[in-house]
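Written out below as structure tokens is the structure these notes cover.
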Amino acid sequence: DAMLGVDTVDTVGMPVAAEKNILLGKVVKVYDRYSEVISIFSPDWQLAVKVGERGVDGLLVGGPDPKITMIVSEQEVGSGEAVYNASKEFPYGFKLGEIKNIAPGTSSFFKEAKLGLPYDFNQLLEVLILIRS
């Protein structure tokens, strides 16, 4: 994904944020002068998420156009509802974006939606690496 300059502190596994509370990815390798990051734009990225105030379960599937899959069809989910991290890997409730363009999923039991981002990836000049103290 991207190479970013950070301290040589062991930050492997630490969350990378586009803004203070907007999850973008995680550090996967640390070198002397930079770190390697995998982001939600990688096809290998998957993350358990919750949608909206009701906390509807979903799965973020990364790629050039990240989407939320595995939303149970009977669950009410509307465009504009916030999408939050639900994985133990990162702080619970870390925001990822919002629901856009809800559509039927690959089976009749589920629906899916695009992940609307609160930033323009092409305009990102800096990211934050959140280091646990």
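Each reported figure results from applying straightforward, stated rules to the coordinates on display, with no laboratory input. All figures in this text were calculated on a predicted structure; none of them were measured in a lab. In this analysis, Cβ positions are derived from the backbone assuming ideal geometry, glycine residues included, and neighbour counts consider all displayed protein chains.
Numbers for the structure displayed
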{"item": "Those residues of the stretch 61-89 whose amide nitrogen sits under 19 Å from the label point placed on Thr106, 7 Å along Cα→Cβ", "result": "61-74"}
{"item": "Convex hull per residue volume in Å³, alpha carbons only, for the chain", "result": "102 Å³"}
{"item": "Gly105 long-range amide H proximity, modeled H, under 5 Å", "result": "Phe110, Lys111, Glu112"}
{"item": "Rounded Å value of the spacing that divides the Cα centres of the stretch 65-81 and the stretch 82-133", "result": "11 Å"}
{"item": "Expected-Rg normalisation [2.2 N^0.38 Å, Cα atoms] applied to the stretch 28-89", "result": "1.34"}
{"item": "D_trans [Stokes-Einstein, Kirkwood Rh over alpha-carbon pairs] for the stretch 55-121, 10 °C, 1.306 mPa s, µm² s⁻¹", "result": "131 µm²/s"}
{"item": "5 angstrom amide H check on Met14, placed H, neighbours 5+ away", "result": "Val27"}
{"item": "Of the chymotrypsin sites (Phe, Trp or Tyr not before Pro) in the stretch 70-133, those whose Cβ has at most 14 other Cβ within 10 Å and which sit in DSSP loop", "result": "Tyr92, Phe109, Tyr119"}
{"item": "Estimated FRET transfer efficiency when R0 is 30 angstrom, pair Glu74-Leu124 (beta carbons, to 0.05)", "result": "0.25"}
{"item": "The stretch 15-45: chymotrypsin sites (Phe, Trp or Tyr not before Pro) falling in loop per DSSP and having at most 15 other Cβ within 10 Å", "result": "Tyr31, Tyr34"}
{"item": "Rounded to whole Hz, the Karplus (6.51, -1.76, 1.60) HN-Hα couplings of the stretch 65-82, x for glycine and proline", "result": "10, x, 9, 9, 10, 6, 7, 4, 3, 6, 6, 7, 9, x, 4, x, 6, 5"}
{"item": "Using θ = phi - 60° and Karplus 6.51 cos²θ - 1.76 cosθ + 1.60, couplings along the stretch 94-107 (whole Hz; Gly, Pro as x)", "result": "4, 6, 10, x, 9, 6, 9, 6, 6, 9, x, x, 6, 9"}
{"item": "For the stretch 53-63, Karplus couplings with θ = phi - 60° (6.51, -1.76, 1.60), whole Hz, Gly/Pro x", "result": "5, 7, x, 5, 6, x, 10, 7, 10, x, x"}
